[in-house]
Amino acid sequence: MRPLFHPSVQDITLEGILHALSDPVRAAIYADIVASDCPHACADFLNINEQAIPKSTLSQHFKALRDAGLIRSERRGVQMHNTARCAEIEGRFPGLIKAIINAYHVQSMGRPHAGNPAMRKHAGHVGRSKSKSRRPIQ
């Protein structure tokens with residue numbers, strides 16, 4: 001069996017992390033893994049946000065998270081068990097994971113678009129809204 005690739009901490013990049021978490025399914029998977037004290041099997045995520053995820057697609061999502069350095073995967077029989085690499089990433093990018101997870105939770109609760117009913121259905125979507133108003137980043 002082919003060994004799994006896990007980048008060294010020095011090879012983890014901000015761009016890689018943000019790219020991996022730009023997909024709403026991967027962001028949901030990662031938030032659940034970070035919140036847990038124990039490893040998660042890939043099969044734990046066959047349904048995300050009431051949406052069935054095919055095993056092949058799920059494998060690609062976990063590969064993207066692993067390649068970005070966000071998770072460590074370990075084969076146990078026929079299952080893959082995944083844990084977050086928060087402590088390692090915290091050493092390289094202090095505060096980044098906490099900020100990302102906090103932002104994810106705020107977004108998933110629908111707060112960013114609470115005043116606009118048309119945007120509430122898109123609150124779980126990671127991406128730019130169609131609104132032309134832009135606030136400066138503080």
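Could you check E74 against (1) touching a strand residue (DSSP E or B) at 6+ places or on another chain (Cβ under 6 Å); (2) within 21 Å of A99 (Cβ to Cβ); (3) surrounded by fewer than 18 Cβ atoms within 10 Å (Cβ to Cβ) and say which number it fails?
All conditions pass for E74, except number (2).
Before we move on, is Q107 within 13 Å of L21 (Cβ to Cβ), at pLDDT below 95 and in contact with a helix residue (DSSP H, G or I) (Cβ under 9 Å, 6 or more places away or on another chain)?
yes
Residue-wise test of (1) under 22 Å from Q107 (Cβ atoms); (2) in contact (Cβ under 8 Å) with a residue 24 or more places away in the chain; (3) charged (D, E, K, R).
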position	(1), (2), (3)
I17	yes, yes, no
V25	yes, yes, no
A41	no, yes, no
K55	no, no, yes
S59	no, no, no
L65	yes, yes, no
R72	no, yes, yes
G77	no, no, no
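The values are calculated or read from the model by the stated rules, or taken from the named source; none is laboratory data. Treat the numbers as computed from the prediction; the structure is a model and nothing was measured. So basically every Cβ, Gly included, is an ideal-geometry build from the backbone, and we count neighbours across all protein chains shown.
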